[in-house]
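Reviewing the structure listed below.
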Amino acid sequence: MCGRLNVINDPLAKWVNDYFGMSFTTESNSDLRPTQEIATISRISESLQQIDTTWGIKPSWSKKLIINAQSETAATKKTFKNAYARNRCMIPCMGWYEWRDEGGERKQRYSFTHADGLPFLMAGIWFQSEGKPQLVTLTTHPNEKCSEIHKRMPVLIMPEDTECWLSFEVESIQPLLLPVENELIRIEKC
């Protein structure tokens, strides 16, 4: 689920800078993958700040890289609980990709973007590490439109819900974990 992101510096950085009144920059990468660097926004010392992270964590007990966590259980699972309570963030991106088996030699790739061409703010949690902080994105059950392609979708934070997502107690953010309306998503074959 959501293992590739579309991050385009222009217009993404300008939109973040204008909307949030903060300094934000990112490298363009239309096929950003786990293990690569990804710019996030978090609340540090009472202000919004950019945190450059590496996408994915590999706990000692895991045989593979963990890139996503289910939002329904992240608050209680030992691996995610502390980061979910203290280190929530948003990942500005222009969209994401999913693949669906349609009976051909290769799976069909689909692009998910905002219907109005605006950036998305994906929900994530970050972890301190010896090097760069590490990131896990959060997923939820899909809206009707997205469910035609995949059984999960990213948790998308509306810009007006930023303060709630980054600052409120865990119990208060549950309504933000629901899928967004169908009308906000544009899906196209790639």
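Laboratory data are not the source of any read-out in this text; all were calculated from the coordinates shown. Predicted, not measured: the structure shown is a model, and the values here were computed from it. A quick note on method: Cβ atoms are made from the backbone with ideal geometry, for glycine too, and the neighbour counts reach across all protein chains shown.
In terms of distances greater than 18 angstrom between alpha carbons, the cross-link table entries Lys64/Lys151; Lys58/Lys132; Lys58/Lys81 yield Lys64/Lys151.
Exposure proxy for Cys2, Cys93, Cys164: other Cβ atoms within 10 Å of each Cβ, ordered fewest to most, give Cys164, Cys2, Cys93.
Two decimals, Cα atoms only, Kirkwood Rh: what is Rg/Rh over the chain?
Details: Rg = 15.8 Å, Rh = 16.8 Å.
For the chain, the value is 0.94.
The lysines within cross-link reach of Lys145, meaning a Cα-to-Cα straight distance under 21 Å and a gap of 8 or more places when in the same chain, are Lys107, Lys189.
Between Gly95 and Asn6, Phe120, the built amide H atoms are under 5 Å apart, and every one of these is 5 or more places off in sequence or on another chain.
Quote to one decimal, in nm, the extra length available between Lys107 and Glu37 on full extension: 0.36 nm per residue of separation minus the C-alpha distance between them. Before the final figure, lay out the partial values.
Values: separation 70, 0.36 × 70 = 25.20 nm, distance 2.61 nm.
Stretched out fully, the Lys107 to Glu37 stretch lengthens by 22.6 nm.
Sequentially through region 137-151, phi angles give Karplus couplings (6.51, -1.76, 1.60; θ = phi - 60°) of 8, 10, 10, 9, 5, x, 6, 4, 5, 5, 5, 5, 10, 8, 7 Hz, Gly and Pro residues having no value and appearing as x. Karplus-derived 3J(HN,Hα) values for region 4-11, using 6.51 cos²θ - 1.76 cosθ + 1.60 with θ = phi - 60°, are 9, 10, 10, 10, 10, 3, 10, x Hz; glycine and proline are entered as x.
Counting every Cα pair in region 108-190, what percent are over 17 Å apart? For region 108-190, the fraction of Cα-Cα distances above 17 Å is 53 percent. Taking amide H as placed 1.01 Å from N in the peptide plane, Val155 has its amide H under 5 Å from the amide H of Ala123, Leu138, Thr139, Thr140, each at least 5 places away in sequence or on another chain.
Among the trypsin sites (Lys or Arg not before Pro) in region 67-141, those located in a DSSP loop and surrounded by at most 15 other Cβ atoms within 10 Å of their own Cβ are Lys77, Lys78, Arg106, Lys107.
Our coupling estimate for region 20-31, obtained by passing each phi through the Karplus curve with A = 6.51, B = -1.76, C = 1.60 and θ = phi - 60°, is 9, x, 10, 8, 9, 9, 8, 7, 5, 7, 6, 9 Hz, Gly and Pro reported as x. Along the chain, the exposed loop sites are GluC sites (Glu not before Pro) outside DSSP states H, G, I, E and B with at most 15 other Cβ atoms within 10 Å, and the longest stretch free of them is 73-101.
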